[in-house]
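Quick notes on the structure that follows.
The values are calculated or read from the model by the stated rules, or taken from the named source; none is laboratory data. Computed from a prediction, not measured in an experiment: that's the story for all the values here. Don't worry about glycine lacking a Cβ; one is built from the backbone with ideal geometry, like all the others, and counts go over all protein chains shown.
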């Protein structure tokens, strides 16, 4: 961890003030952190000070020594670090859970800290979320003790974007076009009842706090038979059913097996919604990830897959969104961009978010699936010559009335703003 000496840089006219200190809460070895550092360097800014998640969780570090007057604070994803994942699960053991199903799996703090790495295993996602939300609240309390500064994404907003049922409710409240929802089913039998009452035969079931297609099931039935497409692999163990997130998309046709998987997902809190058909592009179904920065839809990529799940890590292929635009009328494309910005507007005090959108066959209609707090990892995707991180820094400069590579922001914010 770097020291607390204020960061300064050599600037040229008409810059008259040192560049603002940039502080990142993240994992030091993270690819996301490395790419953000590269964008800082490309703008002539000094490297960000990194406050590791592991140190915050263990109480070895706090924000107060690092977040100085007019600093910029970025909260990055805690992903791909098992020690941090384990510590967040442990932190969740002591958090109150106001929304959990009665059967949600919980383990004690000491047991959580003894968990062994088991590649792909979906480990107590609800408890992980409670720990992460608790840490975000601790960060907010620490921010309140810091001098006036700027935060790129609010902690409350990050917690909201990691909660699919809450996001879906906000979409409906704000008129964002989205798939009709079925709420948070208690299990497979409850889900089937909700589907029957709503007249739905095809639905998506998603972990409330999952990401990267983890814990996602595309379920369909004709009233007699049922099948599911999923990245989830279920393995029986002495302590019950264990779920694993894999890159292999599998199809299940045994209703008992499907029910067991969905029961296990719902026990950790799940969100269900209508399965909206995807249009095809370059030989496969696709959706789009659009990064909205400062209220404006900017960077975008189409993700063409071979299954209902089109996440890039599932061997989906990138495609130029201009191919999508060329298939849509100007009015339909403009409305699509407006919906992306409208979706980001449910967290209006956050600088950026990644918006996932599906285009329906015929390329006339669309639906917003979700928003992502850390959805700006789009390496190689440029908007007007800037990557996502550079565009975010530029947007901060516009908000402050100047380029952040020239001077500190001309305004300050309270920690709650």
- Query: Failed condition for residue 199, given (1) on the phi > 0 side of the Ramachandran plot; (2) buried (at least 17 other Cβ atoms within 10 Å of the Cβ), with all others met?
  - Reply: (2)
- Message: Checking the structure you have, find out if any residue of the range 332-346 is over 23 Å from residue 76 (Cα atoms) and in contact with a helix residue (DSSP H, G or I) (Cβ under 8 Å, 6 or more places away or on another chain).
- Response: yes
- Members of the range 164-186 that are surrounded by fewer than 20 Cβ atoms within 10 Å (Cβ to Cβ) and within 18 Å of the chain's Cα centre (by Cα): 165, 166, 169, 170
- Is it the case that residue 38 is at pLDDT 95 or above, over 30 Å from residue 120 (Cβ atoms) and surrounded by fewer than 18 Cβ atoms within 10 Å (Cβ to Cβ)? no
- Query: Going by the conditions given, is residue 58 crowded, with 20+ Cβ neighbours inside 10 Å and in contact (Cβ under 8 Å) with a residue 24 or more places away in the chain?
  - Reply: no
- Task: Search the range 234-259 for residues being without any contact (Cβ under 8 Å) to a residue 60 or more places away in the chain and either part of a helix (DSSP H, G or I) or outside the structural domain of residue 192 (by TED's automatic domain parsing) (or both), and hand back the single one that is nearest to residue 126 (Cα to Cα).
- Result: 257
- Residue satisfying condition, being surrounded by fewer than 22 Cβ atoms within 10 Å (Cβ to Cβ) and either in contact with a strand residue (DSSP E or B) (Cβ under 8 Å, 6 or more places away or on another chain) or assigned by TED's automatic domain parsing to the domain that holds residue 228 (or both), within set 331, 283: 283
- Message: Checking the structure you have, find out if any residue of the range 4-17 is at pLDDT below 50 and closer than 30 Å to residue 82 by Cα.
- Response: yes
- Task: Tell me the strands (runs of 3 or more DSSP E) entirely within the range 272-353 that contain at least 3 residues that are farther than 30 Å from residue 232 by Cα.
- Result: 296-304
- Message: Please pick out the residue among 112, 90 that is buried (at least 22 other Cβ atoms within 10 Å of the Cβ), within 23 Å of the chain's Cα centre (by Cα) and either assigned by TED's automatic domain parsing to the domain that holds residue 54 or not in a helix (DSSP H, G or I) (or both).
- Response: 90
- Message: Could you check the range 140-156 and list, in sequence order, the residues that are assigned to a helix (DSSP H, G or I), touching a strand residue (DSSP E or B) at 6+ places or on another chain (Cβ under 8 Å) and surrounded by fewer than 22 Cβ atoms within 10 Å (Cβ to Cβ)?
- Response: 143
- Determine whether the range 180-198 contains at least one residue that is over 21 Å from residue 258 (Cα atoms) and touching a strand residue (DSSP E or B) at 6+ places or on another chain (Cβ under 9 Å). yes
- Message: Name the residue that is surrounded by the fewest Cβ atoms within 10 Å (Cβ to Cβ), counting only residues in the range 347-364 that are more than 14 Å from residue 168 (Cα to Cα) and touching a helix residue (DSSP H, G or I) at 6+ places or on another chain (Cβ under 8 Å).
- Response: 349
